[in-house]
Amino acid sequence: MGRSLQLDPQRFLPADRQVRAIAVRLFGAVEALPIVSPHGHTDPRWFSGNEPFEDAVSLLLWPDHYLLRMLMSQGMTLESLGLRPADGAPAAADAAPVATDRRSIWRLFAEHYRVFRATPSRLWLDHVFATVFGLDVRLAPETADHYFDCINAALAAPEFLPRALYERFGLEVLATTEGALDPLEHHAALAESGWKGRIITTFRPDDVVDPDRADFAANVLRLGELTGEDSTSWRGYLAALANRRAFFRTLGATATDHGHPTARTADLSPLNARELFERILAGKRQPGDAEVFRAQMLTEMARMSCDDGMVMQLHAGAWRNHNEALYSRFGRDKGGDFPTQTNFTAALKPMLDRFGSRRDFLLILFTLDESTYSRELAPLAGHYPCIKLGPPWWFHDAPEAMLRFRRQSTESAGFYNTVGFNDDTRAFLSIPARHDLARRIDCAYLAELVATGRLDEDEAGEVAIDLAYRLAKAAYRL
Ligand SMILES: [Zn+2]
């Protein structure tokens, strides 16, 4: 039945035999290190409730926007994959009925599995199939039912419960990401549960600092209710944000995260900032106000980080919800987001003029615009003590892109202005696959440096451990 599925033990390592031998030695020392996952989007409810995952479709297909976007690009509709439009969503002219039979949906996915050849999705999924579920034939139309039955049977077993998988994956710490208004009840339940797994939250205030969100004004009011501050005044709004940061810290948060369309920062006078805030809240905003407000809020968040020690992450440059029709029918995170050209050197200057030399401030930068690594990001990180580079993000979390990142950033920023790997995923089962890939690619790069006389092998070995484990713990203060 079907072709065999076998992971090559030396996958992703250099083709040249001599270089590969070095990479194999380096990787051998990092392969089994614990996983530190300091940024991602898994659901804390999985670990507080510890209920079985439902089935292959709802676990592996529906939440994975990498899969949805590629299948859409091949002409499939989200309805045919079983996704339901949001309540009250406009009807599409050619809308197909929503598929409900999970086995048929899985078969449809298997029929199209070939479109993922040589994409990271294929690498991650094959790793999950082989190592998590022990499947030994390739996913294809003729093995679809075998997969569906094996995966669903496994998910019902106690060793596939979320907490058991956390332990089996060798996770040492796993950070989730929550909005500023989140009550964090699952984190609170986890803290009281006595389970030894370490799941921490991350403070992501986009819902209360981005005036372009339709629910912005309502969110600001809710922020006031939650904190007992008058969040309709500029001073009360800032105090409320500081209050929520403190609350998040009580449930383990060591970091904040900011998903902004650009990296723009601003340093307005208190009077100008107050007037801008009041104008936006009163519904009297002028063109450009939202962008300047987000820019000012990055600087305010930097100031609060200097006060409370939270590490600040900036994920800039995604054009989210670009596909208007898809967004209005299905909402966010369905694969309709794209990289944009992003500027950092000029954009960050107002913030850096205020906090750039502070030793108690750390800003971790992520980009979807690879051209910025050698031109802007690596030179900035190789100068400002507060700046470090996050790992390749989203479209660039893949073998070639990870190698490009090292090639473009190392000569200006070195290894020690980077922060190890983030899996940044909603797909819990793929976490080991992603860290395994990152460790292999870093070892491949280090082996090249050794083979070309740029680094001694003992130093490369030390760097490999730093990249796989120590740098993430240090940067995120874990
Ligand atoms: Zn993220």
Sole exception among (1) open to solvent by 40 Å² or more (accessible area, probe 1.4 Å); (2) among the aliphatic types (A, V, I, L, M); (3) in contact with a His (Cβ under 8 Å, 6 or more places away or on another chain) for ALA175, by number: (1)
Looking only at segment 144-168, which residues are over 18 Å from GLU51 (Cβ atoms) and surrounded by fewer than 20 Cβ atoms within 10 Å (Cβ to Cβ)? ASP145, HIS146, ASP149, CYS150
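Tell me which residues, restricted to segment 405-423, are closer than 21 Å to LEU174 by Cβ and of a type in the set (A, V, I, L, M). So that I can check it myself, show each step before the final result.
Within segment 405-423, the subset closer than 21 Å to LEU174 by Cβ is 418-423.
Scanning segment 405-423 gives a single hit, VAL419.
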Criterion: touching a residue at least 60 places away in the same chain (Cβ under 8 Å) and within 23 Å of the chain's Cα centre (by Cα) - qualifying residue of ARG285, ARG294, ARG332, ARG354: ARG294
Hey, could you check segment 418-439 for residues that are closer than 21 Å to ILE22 by Cβ and among the aliphatic types (A, V, I, L, M) and say which is farthest from the ligand (Cβ to nearest atom)? LEU437
Inside segment 1-24, the number of residues satisfying the requirement of being surrounded by fewer than 21 Cβ atoms within 10 Å (Cβ to Cβ) and farther than 21 Å from ALA118 by Cβ is 6
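Would you confirm, using the coordinates I've provided, whether PHE421 is aromatic (Phe, Trp, Tyr), buried (at least 22 other Cβ atoms within 10 Å of the Cβ) and within 20 Å of LEU13 (Cβ to Cβ)? Talk me through it step by step, then tell me what you get.
Working: aromatic (Phe, Trp, Tyr): yes; buried (at least 22 other Cβ atoms within 10 Å of the Cβ): yes; within 20 Å of LEU13 (Cβ to Cβ): yes.
The answer is yes for PHE421.
List the helices (runs of 4 or more DSSP H) that sit entirely inside segment 383-478 and contain at least 1 residues that are more than 25 Å from ILE200 (Cα to Cα), in contact with a Phe, Trp or Tyr (Cβ under 6 Å, 6 or more places away or on another chain) and not hydroxyl-bearing (Ser, Thr, Tyr). Steps first, please.
On the way: elements: 399-413, 431-451, 457-465, 471-475.
So the answer is 399-413, 431-451, 457-465.
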Could you check how many residues of segment 324-363 are basic (Lys, Arg) and in contact with a Phe, Trp or Tyr (Cβ under 8 Å, 6 or more places away or on another chain)? 1
On the given criteria, is GLY335 within 16 Å of the ligand (Cβ to nearest atom), more than 18 Å from SER73 (Cβ to Cβ), crowded, with 18+ Cβ neighbours inside 10 Å and not basic (Lys, Arg)? no
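Tell me whether segment 302-323 contains one or more residues that are open to solvent by less than 50 Å² (accessible area, probe 1.4 Å), among the charged types (D, E, K, R), part of a loop (DSSP other than H, G, I, E, B) and at pLDDT below 95. Please lay out each step first, then the result.
Going residue by residue through segment 302-323, those that are open to solvent by less than 50 Å² (accessible area, probe 1.4 Å) are 302, 304-306, 308-318, 321.
From what's left, among the charged types (D, E, K, R): 308.
Filter once more, keeping what is part of a loop (DSSP other than H, G, I, E, B): none.
There is no residue in segment 302-323 that is open to solvent by less than 50 Å² (accessible area, probe 1.4 Å), among the charged types (D, E, K, R), part of a loop (DSSP other than H, G, I, E, B) and at pLDDT below 95.
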Which numbered condition PHE344 misses (of (1) surrounded by fewer than 22 Cβ atoms within 10 Å (Cβ to Cβ); (2) assigned to a loop (DSSP other than H, G, I, E, B)): (1)
Cβ-Cβ under 8 Å, sequence separation 6+ or interchain: first residue in segment 245-270 and farther than 26 Å from SER48 by Cβ, partner open to solvent by 50 Å² or more (accessible area, probe 1.4 Å) and assigned to a strand (DSSP E or B). Which pairs? PRO261/TRP319
Failed condition for ILE364, given (1) more than 16 Å from PHE395 (Cα to Cα); (2) within 16 Å of the ligand (Cβ to nearest atom); (3) assigned to a loop (DSSP other than H, G, I, E, B): (3)
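The values are calculated or read from the model by the stated rules, or taken from the named source; none is laboratory data. Since this is a predicted model, take the numbers as computed values, not measurements. Using ideal geometry, Cβ is built from the backbone for each residue, glycine included, and neighbour counts are taken over all protein chains shown. When the accessible area is computed, the model is the full protein with side chains, heavy atoms only, and any ligands, DNA or RNA have been set aside. Shrake-Rupley method; radii C 1.70, N 1.55, O 1.52, S 1.80 Å.
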